[in-house]
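Below is one structure, written out as structure tokens; the observations come after it.
The values are calculated or read from the model by the stated rules, or taken from the named source; none is laboratory data. As the structure is a computational prediction, the values presented were derived from the model and not from experiment. Counting neighbours? That spans all protein chains shown, and the Cβs are built from the backbone with ideal geometry, glycine included.
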Amino acid sequence: MAIGSRDSAHRGRTPGNHDSGSPRGGTFMVITMAGMQDARRVAGPHARALIAAMTSAFALGQILGPAIVSLLVQSTGGFAPALVLAASMLALSAISLQKGDTT
């Protein structure tokens, strides 16, 4: 997902967006499915509440993300810094997940 976001920033509009769509979209679908399965495994009978909290956190990101991107585009004149920030955040998330206990 991070590589797909980075490619959008560095490869130009049409080729970068086209080539980065599959890594981002496909990865997102797998992450969502795995997250829902993990929520059921971890929370057991309380899985609905955990899934609701995960969905709310996702929604908050959908609200804040465009606002942050808009500020970055206004201040820098392009999308590249916002895409680099997104790729960096995704990479940091991957690192933190590998360091954490996932059992």
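Across the range 74-103, which residue is modelled with the lowest pLDDT among those that are under 21 Å from Gln37 (Cβ atoms) and part of a helix (DSSP H, G or I)? Walk me through it before giving the result.
To start, the set of residues in the range 74-103 that are under 21 Å from Gln37 (Cβ atoms) comprises 90, 93-94, 96-98, 100-103.
Within this subset, residues satisfying the condition of being part of a helix (DSSP H, G or I) are 90, 93-94, 96-98.
Working: Leu90: 84, Ser93: 84, Ala94: 84, Ser96: 85, Leu97: 77, Gln98: 83.
Ranking the candidates gives Leu97 first.
Return a yes/no flag: does the range 50-73 have any residue that is outside any helix (DSSP H, G or I) and out of contact with any helix residue (DSSP H, G or I) (no Cβ under 6 Å at 6 or more places or on another chain). Within the range 50-73, none of the residues are outside any helix (DSSP H, G or I) and out of contact with any helix residue (DSSP H, G or I) (no Cβ under 6 Å at 6 or more places or on another chain).
Residues in the range 73-89 that are without any contact (Cβ under 8 Å) to a residue 24 or more places away in the chain and β-branched (Val, Ile, Thr) were compared, and the one that is nearest to Gly61 (Cα to Cα) is Val73. When Ile51, Ile31, Ile3 are checked against the criterion of being over 18 Å from Leu97 (Cβ atoms) and either at pLDDT 90 or above or within 13 Å of the chain's Cα centre (by Cα) (or both), Ile51 stands alone in meeting it.
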